[in-house]
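I have placed the structure first, in the form of structure tokens, so that the comments after it can refer back to it.
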Amino acid sequence: MELHTDPDDLEYLSSMELQRRSIPDEQIKRFEGYASEIFSAFGMDVNTPATKDTPRRFIRALFDATEGYDGDPKLLRVFETECRGEPDCSLSQVMEGPIPFFALCEHHALPFYGKAYVGYIAHENIIGISKLTRLVRLFAKRFSVQERIGQQIADTLETMLHPHGVAVFLEAHHLCMEMRGVREIAPMTRTTVWRGHYAEDPSLRAEFFTACGLQRNEGR
Ligand SMILES: [Zn+2]
Ligand SMILES: [Zn+2]
């Protein structure tokens with residue numbers, strides 16, 4: 001994957017914490033062998049027509065589910081805007097959500113999935129709404145933890161847009177808890193990140209939740 005290296009891009013490129021993944025075919029073949037050995041020992045008949053390609057499909061699916069490390073070239077454009085100055089500038093929130101996401105927890109390599117809500121208060125730059133979705137997925141499609149995804153979204157929006165504030169709310173089901181019967185019906189795990197004006201102004205946070213259709217006082 002080729003990424004632009006315009007000097008202006010470098011700051012937020014580094015906030016994306018990308019890795020260029022390139023895995024040789026012979027290594028992939030070895031991984032498929034490991035997967036086959038594990039599946040077989042754990043009870044799968046890996047020699048049926050339905051399962052003979054399962055190790056290959058599993059390794060491919062795992063690679064695809066973590067493609068956030070590779071970056072997203074469509075995330076590199078931001079648009080200039082004119083700050084209308086205080087206080088109007090601080091009142092114009094841009095909000096997007098729910099943005100569905102799927103991630104793998106770095107403790108168990110099992111999925112957690114849910115919805116993200118992202119808001120920011122524009123200053124000199126704005127980003128297309130569809131780019132917010134791409135940004136969420138850039139960080140979700142990795143081995144991660146929910147809190148870090150929220151922080152990384154906020155960090156990158158701050159370096160890309162220099163906004164007056166950023167708000168990120170994530171709610172997710174964690175299959176590492178739910179599948180293994182720790183708690184079969186686990187509540188959603190919810191995390192928030194507030195930056196800039198959102199950190200200082202409770203009314204902005206309330207407006208964010210209301211605009212997202214979230215009722216904080218109902219235990220969500
Ligand atoms: Zn886990
Ligand atoms: Zn401004």
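Computed quantities for the displayed model
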| read-out | value |
| --- | --- |
| Overall form of the chain per C-alpha gyration tensor (a/c, 1.5; a/b vs b/c) | oblate |
| Relative contact order computed over the chain (Cα-Cα under 8 Å; 6+ residues apart), in percent | 19 |
| Interchain or long-range residues, amide H under 5 Å from S144's placed H | L104, C105, E106 |
| Relative packing of 171-177, 106-112, which averages over residues the other C-beta atoms within 10 Å, highest first | 171-177, 106-112 |
| Rounded to 10°, Cα long-axis angle of helix 54-65 versus longest principal axis of the chain | 10 |
| N125/S14 FRET efficiency (R0 25 Å; Cβ-Cβ; nearest 0.05) | 0.90 |
| Surface per residue (accessible, 1.4 Å probe) for the chain, Å² | 56 |
| For the stretch 124-220: rounded, prolate or oblate by the Cα gyration tensor [a/c cutoff 1.5] | oblate |
| E80 paired with V46, simple spin-label distance in nm, labels 7 Å along Cα-to-beta-carbon | 5.7 |
| Hits among lysines - C-alpha to C-alpha of K131 under 29 Å, sequence gap 8 or more where chains match | K74, K115, K141 |
| Point-charge dipole on Cβ atoms (K/R +1, D/E -1) for the chain, about Cα centre, debye to 20 | 900 |
| For the stretch 94-160: relative contact order, % (alpha-carbon pairs under 8 angstrom, 6 or more apart) | 36 |
| Carbon + sulfur, % of accessible area of the chain - ligands and nucleic acids excluded, 1.4 Å | 52 |
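The values are calculated or read from the model by the stated rules, or taken from the named source; none is laboratory data. Keep in mind it's a predicted model, so treat the numbers as computed, not measured. Reconstructed Cβ throughout: ideal geometry from the backbone, glycine too, with neighbour counts over all protein chains shown. These area figures cover heavy atoms from the full protein model, side chains too; ligands, DNA and RNA do not enter into them. Shrake-Rupley method; radii C 1.70, N 1.55, O 1.52, S 1.80 Å.
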